[in-house]
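A short worksheet on the structure shown next.
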Amino acid sequence: MPDKREMELQKLKDKFVERFRNMMQQEGGTSSSTNDELADELWKVFVGVVMGERGMSKDGREVFADNQIPTQIVGGRPMRQNAMTNPHHYSIQPTHGQPAKGPLEKYETKMSEMFNLLTASLKGLSMQQFNRYNKFAFWQGLGAKEVATKSLASGILALESSNIGCLFDDLGSIKKGKPDDWDPELWTELSRAYASMVIHSVFLRPHDKVEIHVFCGTDFKNPSYNIWNTVENSTLRVVCERFRKSQTDLDRLVTYRAVAGKGASVDWSKNHGGIPGTWNEAKTPMEIVTYQETQASLQTSA
């Protein structure tokens, strides 16, 4: 009889596979049996790398036995294949005169390679979808995700509504203890993959007028420290350099949009520029900080 953890994993896998089937159907994909095989391969990477199965442990310690999928029973206890996902299995010997790398550093390199495998597959599966859009959303702060994803109805594609992110939205990370926990390692890599697809749309489709919308939540107070600047915008800049484009070329495409509401509660009665849940726009994040501070003060004095 399956234990509670196995039942949780199966429930998440069923949700994942169903999403994958729907995605492939929308994209006019291959046969259902081939789709299920692709879904199973992606799921194995997700479970093995992201969710801490089969020995993965970010801090270098072995994951507890009840956190893993047994592969065989030896001496009455389950044994797992941890050669790839346990940092202590990596050699720390120096090579070719170079300083030795610690096992955790080598482990993180291997995990990065696996993330790349996952995101490369998703980017390939998402190409047709990205080609249908010329408006793309990024978001940061309270209420911004809801506005960004709902903006699909306005013709704006966000990470969570794209084929890159929709498979994993709200699946969580069992390694953190609860199915609905957010996994920063996963979403950082997915954000990079999404940003690279967006910027390729900008410069590989010069005949299209591509727009980038950055939705800033009601708590947007720091124009410098946010995932847009630290991950997504930096990815856009790197790809810009490959196309020999400047930051100015990129800035022309970006519009910052202030989310309307209070806290995590979005005011959907507000509609700025045809986008529900927003009340103002700007060309710099500092202007949005001022707008959101003004909105908060107006709500306090009301």
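Take 168, 243 and order them by how many other Cβ atoms sit within 10 Å, fewest up front.
Ranking 168, 243 by Cβ neighbours within 10 Å, fewest first, gives 243, 168.
Suppose R0 equals 41 Å. What FRET efficiency, 1/(1 + (r/R0)^6) with r the Cβ-Cβ distance, do residue 44 and residue 271 give to the nearest 0.05?
0.40
Assuming R0 = 22 Å, what is the FRET efficiency of residue 204 and residue 117, from their Cβ-Cβ distance, to the nearest 0.05?
It comes out at approximately 0.40.
Taking 30 Å as the cut-off for C-alpha to C-alpha distance, list the pairs among 245/270; 15/150; 11/135 that go past it.
Details: 245/270 36 Å; 15/150 21 Å; 11/135 34 Å.
Going by Cα-Cα distance, 245/270; 11/135 fall outside the 30 Å limit.
Can you work out ³J(HN,Hα) from phi for every residue in segment 34-47, in order, using Karplus 6.51 cos²θ - 1.76 cosθ + 1.60 and θ = phi - 60°, giving whole Hz and x for Gly and Pro?
Ordered by residue, 3J(HN,Hα) equals 5, 4, 5, 5, 5, 4, 5, 5, 5, 5, 4, 5, 4, 5 Hz.
Assuming 0.36 nm per residue, please report the length gained on full extension of the stretch residue 153 to residue 251 beyond their Cα-Cα distance.
32.8 nm
Readers should treat all values here as calculations from the given coordinates under stated rules, not as data from a laboratory. Everything numeric here is computed off the predicted structure, so don't read it as measured data. Here the Cβ is made from the backbone with ideal geometry for all residues, glycine too, and neighbour counts use every protein chain on show.
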